[in-house]
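Beneath this line is the structure, given in structure tokens, with notes to follow.
The values are calculated or read from the model by the stated rules, or taken from the named source; none is laboratory data. Note that the coordinates shown come from a computational prediction; the quantities given were computed from them, not determined experimentally. All Cβ positions, glycine included, derive from the backbone under ideal geometry; neighbour counts span all protein chains shown. Keep in mind that these areas ignore ligands, DNA and RNA; they rest on the heavy atoms of the full protein, side chains included. Shrake-Rupley method; radii C 1.70, N 1.55, O 1.52, S 1.80 Å.
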Amino acid sequence: MGAKDDKQLEAARALVRNLAGRLNVDGWVRLWDGTRLPLGNAPKSDFEISIRDPGVIGAILRRPSLDSIIRQYVEKGIDFSGGTLVDFGLGLQDGRKSVKMKPAEFASLALKLSPFLFAKTADARDAHGFEGEITGKNRKTEDNKAYIQFHYDLSNDFYALFLDPEMVYSCAYYTDWSNGVEQAQHDKLEMICRKLRLKPGERMLDIGAGWGGLLCHAAKNYGVIAHGVTLSEEQLAFARAKAKRLGIDDRVTFELNDYSKLTGTYDKIASIGMYEHIGLKNIPAYMSKVRSLLADEGLFLNHAISRRAHKPKTGWMKSRMRPEKKAIAKYIFPGGELDDIGHSISAMERAGFEVHDVEGWRLHYARTCQLWCERLTANREQAIAYVGEEKYRIWVAYLAGVSLAFSRGTLRLFQTLASKSAKRSPVLPPTRADLYR
């Protein structure tokens, strides 16, 4: 080992010591020479982050961004073992420590890392991301299909590895925190049906019907006549086959269509995890369209991920995407934008709706994504067979990251129930006791 190698190893050890002092988490870092260093005070877990070679640090130093770290992770320049990223992230949150540095501290650390400045590693390909425009700010209606299919047409078999048997791909509802995904998703479908006060013979619409779980449940258990729309070919085929298999395809139909092109009238409308895909500029048109489809005495349930309300941005900050948002748009959900619940409610009221209930499910989604991450990790080999190792690694990191974001409150989830107008007689009972029977 030469002097250059010695300097790089010493610099790497100094970096880990610096992080350990700031974070004090229950985990380890393994360097390329096999050295195992603690990331906190006497860690007891087996969780370990490994760095393949000096060039990994060099690549991140030369292009310091979240995307650089993701590329290195996808190509296994950075890896982990001995636990899940959710476990590690929760340990970071418990410590309430920060890696933020003062300018002088950052300059000092950067100088110590100078031995890595020209270190080379295998190229981390810019692959697996959406190839088109990812923000969706200038979207056309036909762009929606490309955005949806990039995410949802990955592979039904892949999604089945971590979803429940009904293939429900949205926040579950835990009447007990010890419940598994299967029970929690069943309870979620029940809660949606109860909130909508479904009755036999009513016409129900599901905007973004996914794999058909909600409508099939509603038709079987509440006797509705149901119709769902999706822009995913894979989901459409699965949902139609499911309705036929259950013998309810005379009462439950699905079509490949954009919500904006729908016609007709429905007594009850659900939009579960679809609102995030439409784009902030399209919210007024979305609310107006949904209201035009709703019967006079109808109810509308909007279930959506939201963000915390921010102060208005000005200048160049107005168009700047946060690194984590850009990463999700590039690798997972192109075209997605999150609203804050205050604006969502205002948009509903401006469209003429009367809002009745708003319920926050933030911690429910934190647990859902954690369980999904654990289930996907447990089915690693099958997942790689379906989508490849790089895509599998992206999804494990995505599910872990989203779980942690809900856990710490940077993401939220709300169900909002509304009727068509406050000028009509109330369409709900005087109390909400029937929801919790």
**OP:** Give the residues of region 337-350 that are among the aliphatic types (A, V, I, L, M), open to solvent by 30 Å² or more (accessible area, probe 1.4 Å) and assigned to a helix (DSSP H, G or I), sorted by residue number.
**Re:** I341, I345
**OP:** Output the number of residues of region 262-287 satisfying the condition of being surrounded by fewer than 16 Cβ atoms within 10 Å (Cβ to Cβ) and at pLDDT below 95.
**Re:** 2
**OP:** Among the residues of region 20-39, count how many are surrounded by 13 or more Cβ atoms within 10 Å (Cβ to Cβ), modelled with pLDDT of 90 or more and not in a loop (DSSP other than H, G, I, E, B).
**Re:** 5
**OP:** Return yes when G223 is open to solvent by less than 10 Å² (accessible area, probe 1.4 Å) and among the small types (G, A, S) and no when it is not.
**Re:** no
**OP:** Return a yes/no flag: does region 44-52 have any residue that is under 28 Å from the mean Cα position of the chain (by Cα), of a type in the set (A, V, I, L, M) and at pLDDT 90 or above.
**Re:** yes
Original post:
Are there any pairs, at least 6 apart or on different chains, whose C-beta atoms fall under 9 Å, with the first in region 284-301 and of a type in the set (D, E) and the second open to solvent by less than 10 Å² (accessible area, probe 1.4 Å) and part of a strand (DSSP E or B), and if so, which?
Top reply: E297/S419
**OP:** Given the conditions (1) more than 22 Å from L404 (Cα to Cα); (2) surrounded by 12 or more Cβ atoms within 10 Å (Cβ to Cβ); (3) modelled with pLDDT of 85 or more, report the number of the one that L113 does not fulfil.
**Re:** (3)
Subject >> Residues located in region 140-166, provided they are more than 18 Å from V396 (Cα to Cα) and either at pLDDT 95 or above or surrounded by fewer than 21 Cβ atoms within 10 Å (Cβ to Cβ) (or both) >> reply: K140, T141, E142, D143, N144, K145, A146, Q149, P165, E166
Original post:
When only residues in region 362-388 that are more than 25 Å from K188 (Cβ to Cβ) and in contact (Cβ under 8 Å) with a residue 12 or more places away in the chain count, which is least open to solvent (accessible area, probe 1.4 Å)?
Top reply: V387
**OP:** Please tell me if S178 is of a type in the set (S, T, Y), within 25 Å of G360 (Cβ to Cβ) and open to solvent by 20 Å² or more (accessible area, probe 1.4 Å).
**Re:** yes
**OP:** Considering every residue within region 383-406, establish whether at least one is at positive phi and over 15 Å from the mean Cα position of the chain (by Cα).
**Re:** yes
**OP:** Show the residue pairs that are 6+ apart or on different chains and have beta-carbon atoms under 7 Å apart, the first residue being within region 53-65 and free of Cβ contacts under 8 Å to residues at least 40 places away in the same chain, the second being surrounded by 22 or more Cβ atoms within 10 Å (Cβ to Cβ) and in a helix (DSSP H, G or I).
**Re:** I60/Q72
**OP:** Kindly list the number of the only condition in (1) over 17 Å from K112 (Cβ atoms); (2) touching a strand residue (DSSP E or B) at 6+ places or on another chain (Cβ under 8 Å); (3) open to solvent by 50 Å² or more (accessible area, probe 1.4 Å) that fails for R17.
**Re:** (1)
Original post:
Residue check: is C171 open to solvent by less than 20 Å² (accessible area, probe 1.4 Å), within 17 Å of the chain's Cα centre (by Cα) and at pLDDT 95 or above?
Top reply: yes
**OP:** Please list, ordered by first then second residue, the pairs with beta carbon atoms under 6 Å, 6 or more apart or interchain, first in region 230-257 and closer than 10 Å to G212 by Cβ and touching a residue at least 12 places away in the same chain (Cβ under 8 Å), second surrounded by 14 or more Cβ atoms within 10 Å (Cβ to Cβ) and aromatic (F, W, Y).
**Re:** Q235/Y152; Q235/W211; L236/F254; F238/W211; A239/W211; A239/F254; R240/F254
Subject >> Every residue from region 162-184 that is β-branched (V, I, T) and assigned to a helix (DSSP H, G or I) >> reply: V181
Subject >> Residue satisfying condition, being surrounded by 13 or more Cβ atoms within 10 Å (Cβ to Cβ) and over 17 Å from F80 (Cβ atoms), within set A59, A42 >> reply: A59
Original post:
Any idea how many residues of region 408-437 are open to solvent by less than 40 Å² (accessible area, probe 1.4 Å) and assigned to a helix (DSSP H, G or I)?
Top reply: 1
**OP:** List the number of the failed condition for R393; all other conditions in (1) under 27 Å from L214 (Cα atoms); (2) assigned to a helix (DSSP H, G or I); (3) at pLDDT below 95 hold.
**Re:** (1)
